[in-house]
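Contents: one structure, followed by commentary.
The values are calculated or read from the model by the stated rules, or taken from the named source; none is laboratory data. Fair warning: this is a prediction, and the values are worked out from it, not measured in the lab. No Cβ is skipped: glycine too gets one built from the backbone with ideal geometry, and neighbour counts run over all protein chains shown. Just the protein is used for accessible areas: all its heavy atoms, side chains included, with ligands, DNA and RNA removed. Shrake-Rupley method; radii C 1.70, N 1.55, O 1.52, S 1.80 Å.
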Amino acid sequence: MDDSPGPRVAVVGAGPAGFYAAEAVLRSHETATVDIIDRLPTPYGLVRFGVAPDHQKMKVVTRLYERTLKDPRTRYLGNVTYGRDLNLEDLRRHYHAVVFAVGAATDRRLGVEGEDLEGSLSATDFVAWYNGHPDAADHDFASLLAGAREAVVIGNGNVAIDVTRVLAKSVEELAATDIADHALEALSGSGIERVTIVGRRGPAEAKFTTKELRELGELENADVEVRAAEMTLSPASRAAADADVTTGKNVEVLTAFSEQPKLGKPRTVALRFQLQPVGLVGDGKVSAVVFERTRLEDVDGQVRAVSTGEHETLPAQLVLKSVGYTGLPLPDLPFDERRGVVPNEAGRVLDAPGGTPLPGLYVAGWIKRGASGVIGTNKADAMESVAALVEDLAAESGRSAQASGGDRTAAAVDHLLLTRGVDAFSSEDWFDLDAEEVAAGEAAGRPRVKTVRLQEMIATARRRRGG
Ligand code: NAP
């Protein structure tokens, strides 16, 4: 049974890739309908829970996603978990196609001794905690921050810069953002005086974007420190800096940092290079990170860090591992363990890496290509996947619908969720919560005050529905 002449598509994951995919589906066919499904009540994924609270401008992109949510052909089904509330068979039965845009759900591990000592955490946990992600609300960063003077951030990507800024900024600077209230309170008791960002390769190999790097030199509350000796580039690194605009600008900015006098600000942000972590030490709690100095070698056009056997120890009472995200396997879908993605070809899910497409199933965003790029990168990525979806639907012209004998109606999905006792969060529920958060923010001179607990989000929706 079908209640729409156009394709009904489920998009699992309401982050940027999910919204770009939904938008592309709606544009592809004037009668196409989309259900955007997310395990959390709140939409927008890493725009809400990843983008740093002091980067509000980056969050303006949600206005576009809002337009998609308000489209009468879109439904939002928040608080619905794929694999628990709806499985693959359900989705196949009730939709013509499914796009998984669930992101890269976990952090990569260092694989060194002591990495799980108290005080050593993944930067992604810290990010989720200060951004008010419900799963991270119970982390006890407050006592860690109160007891720490030196923090070491391992990794040279933008997440390393984000967490460093949050550690280095004053509470007054952060108070005007939408940082979670619990984080603001904990950061007000922080004893951190020095944050050191450490890369295993050199300045020309760092994955920072220049705008983010430059910001470290503009912090009101912290001096920036780079050792001139660590700015000497090998011929291969020099060539990379000359060939790539971002790399060249990063090197310029870091060189300027190395020449900048310290101004006696309360905190220091140091950037160190060519240090590979080999172990964390401490008696139960982390007290230092041991690094091995590296030498850079050009192997097949790639600059590799090779150990020199020389060690250096940096004291740290807080260690944030910021070495990238990786995807997690999804129930009933194949997984490429090596790359941490669902195997796919241009977005079509394959039964195994390099295998054959599984009809009607697609991926977009980080679960498709790995954790790389900025928010906008997901637009072209999602459009590629939806182009494949549209092409396949046209080619199949409803064959898959008949094959699985599905009931492709919105009512069928609602009925299924109801019988399973799932209280789905609708677009209206979200817009109501959004308005409450923004109103609470206005009263406090902030963009919004985030609701952190799932029960509180649901309670807000129930109040509205009842009133
Ligand atoms: P990333 O950019 O992939 O950086 C990961 C860093 O970890 C690299 O410097 C990498 O070094 C290092 N690393 C990996 N394994 C390591 C190990 N075993 N030991 C030591 N270092 C190791 O990851 P990310 O910072 O998590 O960012 C993820 C994505 O989100 C990126 O595309 C980023 O640009 C994006 N993002 C953007 C913004 C923004 O636009 N403002 C903010 C946050 C995140 P090697 O290079 O040597 O492998």
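Below 8 Å between Cα atoms, with a sequence gap of 6+, how large is the relative contact order for segment 228-353 in percent?
On the way: 146 pairs, mean separation 17.4, N = 126.
So the answer I get is 14 percent.
Between Arg67 and Leu328, what's the calculated FRET efficiency when r is the beta-carbon distance and R0 is 25 Å? Round to 0.05. Display every interim value, and only then the final one.
Values: r = 30 Å, r/R0 = 1.21.
The value I calculate is 0.25.
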query: Where does the chain land at 222 nm, in deg cm²/dmol rounded to the nearest 500, when only DSSP H runs of n ≥ 4 count, each adding -39500 (n - 2.57), divided by all residues?
result: -10500 deg cm²/dmol
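Tell me the relative contact order for segment 108-323 as a rounded percent, counting alpha carbon contacts under 8 Å between residues six or more apart. Write out the running numbers ahead of the final one.
Details: 465 pairs, mean separation 66.2, N = 216.
Averaging sequence separation for qualifying contacts and normalising by length gives 31 percent for segment 108-323.
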- prompt: If the cut-off is a Cα-Cα distance under 16 Å, which aspartates and glutamates reach Lys265, setting aside same-chain residues fewer than 8 apart in sequence?
  reply: Glu150, Glu172, Glu173, Glu193, Glu215, Glu218, Glu220, Asp223, Glu225
query: In whole percent, what relative contact order does the chain give with Cα contacts below 8 Å and a gap of six or more residues?
result: 22 percent
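Length gain on complete extension for the stretch Asp181 to Arg109, per 0.36 nm per residue less the alpha carbon to alpha carbon distance? Could the numbers behind the result be given before it?
Values: separation 72, 0.36 × 72 = 25.92 nm, distance 2.87 nm.
So the chain would gain 23.0 nm between Asp181 and Arg109.
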- prompt: In the structure shown, do any of Lys59/Lys285; Lys262/Lys450; Lys70/Lys207; Lys207/Lys321; Lys211/Lys379 have a Cα-Cα gap over 27 Å, and if so which?
  reply: Lys59/Lys285; Lys262/Lys450; Lys70/Lys207
- line: Excluding residues fewer than 8 positions from Lys57 in its own chain, the aspartates and glutamates with Cα under 14 Å of it are Asp178, Glu212
- prompt: Distance in nm between label sites at Arg304 and Glu118, each 7 Å beyond Cα in the beta-carbon direction?
  reply: 4.0 nm
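Assign one of three labels to the chain, namely rounded, prolate or oblate, based on the Cα gyration tensor with a ≥ b ≥ c the square roots of its eigenvalues; rounded applies when a/c is under 1.5, prolate when it is not and a/b is larger than b/c, and oblate otherwise. Before the final figure, lay out each step's value.
Details: a/c = 2.16, a/b = 1.54, b/c = 1.40.
It comes out prolate by the Cα gyration axes.
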- prompt: So for the pair Asp423, Asp407, with labels modelled 7 Å out along Cα→Cβ, what separation do we get in nm?
  reply: 2.5 nm
statement: Quick shape check on segment 206-328: root eigenvalues a ≥ b ≥ c of the Cα gyration tensor, a/c under 1.5 is rounded, otherwise prolate if a/b tops b/c, else oblate, and it reads oblate
field: Gyration tensor verdict on segment 130-212 (Cα atoms; rounded if a/c is under 1.5, prolate if a/b is larger than b/c, oblate otherwise)
entry: prolate
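Can you send over the carbon and sulfur percentage of the accessible area for segment 212-282, probe radius 1.4 Å, protein chains only?
Working: 1730 of 3350 Å².
In segment 212-282, the share of accessible area belonging to carbon and sulfur is 52 percent.
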query: Can you tell which of Gly15, Leu454, Leu328 lies farthest toward the positive end of the dipole of the chain, using +1 and -1 charges on the Cβ of basic and acidic side chains (Lys, Arg; Asp, Glu)?
result: Gly15
